[in-house]
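Each remark here refers to the structure printed beneath this line.
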Amino acid sequence: MKKDSDTLPEERHLISRKIDAFFIEIYEIFKFVRRFFGEAFSSPFEWKEFINQCYQIGYRSLPLISMTGFIVGIVFTKQSRPSLSTFGASSWLPSLITIAVIRALAPLVTALIAAGKVGSNIGAELGSMKVTEQIDAMEVSATNPFKFLVVTRVLATTFMIPVLTLYSGLVAMMGSFVNIHQNEQTSFAAFIKNAFSTISFLDINSSLVKAICFGFTIGAASCYQGYHAENGTQGVGKAANTAVVVSMFLIFIEEMIIVQFVNAIR
Amino acid sequence: MSNSKDRETVISIRGLNKSFGSLTVLKGVDVDVFKGENLAVLGKSGGGKSVLIKIISGLLKPDSGIVNVLGSQVDKISNRELQELRQKIGFSFQSSALYDSMTVRENLAFPLSRNKRELSKAEINKAIEEVLNDVGLPQTINQMPSELSGGQRKRIGIARTLIMKPEIMLYDEPTAGLDPITCIEINNLILQVQQEYNTSSIIITHDLTCAKNTSNRVAVLMEGQFLTTGTFEEVFSSKDERIKTFYDYNFIQEHETI
């Protein structure tokens, strides 16, 4: 018969292993976000790394955002034309496209593209640094790795996603103009006048607020996954994958909440 | 050691306990490291050797016990004090832990530019060149870590800690995964660091040749406690089967196959 000391103590749970783990994870995320705000507003600030991350996240995403924005503009215009033509209202295309692009498509498409490109990049990079002890090495060399790696990346995504959203919106409208110009021979001046006739500051502001929330979400979710990666290369892959999935999921949830809120005050 | 009471203690550990969930790794560990000495810590894989030096450097918190490093109790001091203490501790990781995205120069400049902000670019460059000469790799200054061999990575990892002129060096498996010739070079480097930088070190290793050549004292960590501590000859004159197995395996004695 085995002695008590030979067996591992039985694991005890408050509710069940999975439910306990879920609430522990929520608490860990809360601590992570609280630490972010604590570290973001205390000196020293890593300006050089922040600018480097803005360059990596913003400038390096430009080709992808340009291409997707342009395609979204063309495709949405082509798809909307038949419905409007039925009512003889194809001249309303520029204002319809602008409302759709500014209110929903630009922030959403930009955030989803960035979640895929930037989120996976951050998740994999920090995850790889974690499992190869580079984050520990930073800590023992008296550098705060959270401030250097996490704060700079989260702030860079929060700052650059709105910039990319504005850019993506403009490119999508250019795509739309190209298609409308080809089909309806509308001049650029007429397109712009019609496009901005129905758009309000609330639309642009709510779009920017959405983009800021999306940017923060992508940065925080990706950094959290990467910073807590474990179990070697498998953990790095999981961190990158979860960073993208969680970011995209949260973006849709936030989109739904912000739209409800904006419609209530409109 | 007979004169240990007269020597200045740089690391003093008493009754250190550490567990991970239900797994107890360290059970009441007591050990002292004296100024200027190299202490080799031997023991089985997963026996808590790396945990010990991670606790000393403040990377892990002890469950209980006293860990005193250069007069500060690492788990009781503030974050700012811990950062100041860490500037006096060099940690050489088993995997070298060089920053992949940075060149050798940037790796070496990283701790210096962050902790000694008063230094000019020229002074940082001079310190980098000095430390690269000390580890014998001045030609690698503009290379990426991925372009270096295992031994070179280890040396650059040690150089990155030396650039801060530490008082204590913690080596985690310095010769693991290296060929015998490179192992000898690393052993010589550890001795050179002890003499030129006047460091006190803990060397975590399985390699008895490394322990014999680089350490003043050896401590054997088994089942969460130090079995014995003393000079290499004192420790390996023991009749304890577990210590004898260590010696026999490393020095190619006949042993039973399992």
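What does the charge add up to near residue A:172, with Lys and Arg as +1, Asp and Glu as -1, over the other residues with Cβ less than 14 Å from its Cβ?
After counting each charged neighbour, the total is +2.
Roughly how many percent of the accessible protein surface of chain A is carbon and sulfur, given a 1.4 Å probe and a whole-percent answer?
67 percent
Any idea of residue B:209's accessible area? Nearest 10 Å², probe 1.4 Å.
60 Å²
Calculate how steeply helix B:150-162 sits against the longest principal axis of the alpha-carbon atoms of chain B, using the helix alpha-carbon long axis, and give the answer as 0 to 90 degrees to the nearest 10.
So the helix axis and the longest Cα principal axis differ by about 80 degrees.
Most fluctuating residue of A:15, A:180, A:135 in a GNM of chain A with Cα springs under 10 Å: which is it?
Highest fluctuation among the options: A:15.
Under a GNM of chain B (C-alpha, springs under 10 Å), which listed residue has the highest mean-square fluctuation: B:168, B:202, B:141?
B:141
Please work out the C-alpha center-to-center distance from segment B:35-84 to segment A:181-215 and express it in whole Å.
With segment B:35-84 and segment A:181-215 each reduced to a Cα centre, they are spaced 60 Å.
To test your reading of the geometry: what angle, between 0 and 90 degrees and rounded to tens, separates the Cα axis of helix B:180-196 from the longest principal axis of chain B?
Once rounded, one gets 80 degrees.
In segment A:133-151, what residues drop by 20 Å² or more of accessible area when the other protein chains are put back, versus the chain on its own? Use 1.4 Å, and skip ligands and nucleic acids.
Residues shielded by partner chains are A:133, A:134, A:136, A:137, A:138, A:139, A:140, A:141, A:142, A:143, A:148.
Express the relative contact order of segment B:4-250 as a whole percentage, based on alpha carbon pairs under 8 Å and six or more residues apart in sequence.
Once divided by the residue count of segment B:4-250, the mean separation gives 27 percent.
Placing +1 on the Cβ of each Lys and Arg and -1 on the Cβ of each Asp and Glu in segment A:43-265, which of A:142, A:87, A:128 has its Cα farthest towards the positive end of the resulting dipole?
Going by the charge dipole, the pick is A:87.
Taking 30 Å as R0, compute the FRET efficiency from the Cβ-Cβ separation of residue A:89 and residue A:252 and round it to 0.05.
Efficiency at R0 = 30 Å is approximately 0.45.
Considering only the other residues whose Cβ falls under 12 Å of the Cβ of residue B:161, what net charge follows from Lys and Arg at +1 and Asp and Glu at -1?
Residues close to residue B:161 contribute a combined charge of +3.
Per residue, how much accessible area does chain B show when a 1.4 Å probe rolls over the protein heavy atoms, in square angstrom?
Per residue, chain B has 47 Å² of solvent-accessible surface.
Per-residue ellipticity at 222 nm for chain A, helices alone: DSSP H runs ≥ 4 residues times -39500 (n - 2.57), over residue total, nearest 500 deg cm²/dmol?
-25000 deg cm²/dmol
Leaving out ligands, DNA and RNA, calculate the buried accessible area for the pair B and A with a 1.4 Å probe, summed over both sides, in Å² to the nearest 100.
Interface between B and A: roughly 1700 Å².
Just in segment A:34-103: which chymotrypsin sites (Phe, Trp or Tyr not before Pro) are loop by DSSP and have at most 11 other Cβ atoms within 10 Å?
A:41, A:87
Is any residue of segment B:105-119 close enough, with backbone N under 13 Å, to a label point placed 7 angstrom from the Cα of residue B:165 along the Cα-Cβ axis, and if so, which?
Backbone N within reach: B:116, B:119.
Going down the table (A:117/B:61; A:48/B:121; B:54/B:239; A:130/B:49; A:48/A:238; A:130/B:54), which pairs top 25 Å between alpha carbons?
Among A:117/B:61; A:48/B:121; B:54/B:239; A:130/B:49; A:48/A:238; A:130/B:54, the Cα-Cα distance tops 25 Å for A:117/B:61; B:54/B:239; A:48/A:238.
Using a Gaussian network model of chain B with C-alpha springs under 10 Å, which one of B:239, B:54, B:18 is most mobile by mean-square fluctuation?
Top of the fluctuation ranking is B:239.
Where in chain A is the longest stretch that carries no GluC sites (Glu not before Pro) classed as loop by DSSP and with at most 13 other Cβ atoms within 10 Å?
A:12-229
Express the C-alpha Rg of the protein assembly as shown as a ratio against the empirical globular expectation 2.2 N^0.38 Å, rounded to two decimals.
Normalised by 2.2 N^0.38 Å, the Cα Rg of the protein assembly as shown equals 1.24.
Can you give me the accessible area per residue for chain A, using a 1.4 Å probe, in Å²?
Counting only protein heavy atoms, the per-residue value for chain A is 54 Å².
So which GluC sites (Glu not before Pro) in segment B:1-87 end up in coil per DSSP with only 16 or fewer other C-beta atoms within 10 Å?
B:8
Taking only Cα atoms, what is the 0 to 90° angle, nearest 10, from helix B:121-134's long axis to the longest principal axis of chain B?
40 degrees
Taking segment B:77-146, which trypsin sites (Lys or Arg not before Pro) meet the DSSP loop condition and have no more than 12 other C-beta atoms within 10 Å?
Sites meeting the loop and neighbour criteria: B:117.
The values are calculated or read from the model by the stated rules, or taken from the named source; none is laboratory data. Source: prediction; values computed, not measured. No Cβ is skipped: glycine too gets one built from the backbone with ideal geometry, and neighbour counts run over all protein chains shown. In case anyone asks, the SASA skips ligands and DNA or RNA and just uses the protein heavy atoms, side chains included. Shrake-Rupley method; radii C 1.70, N 1.55, O 1.52, S 1.80 Å.
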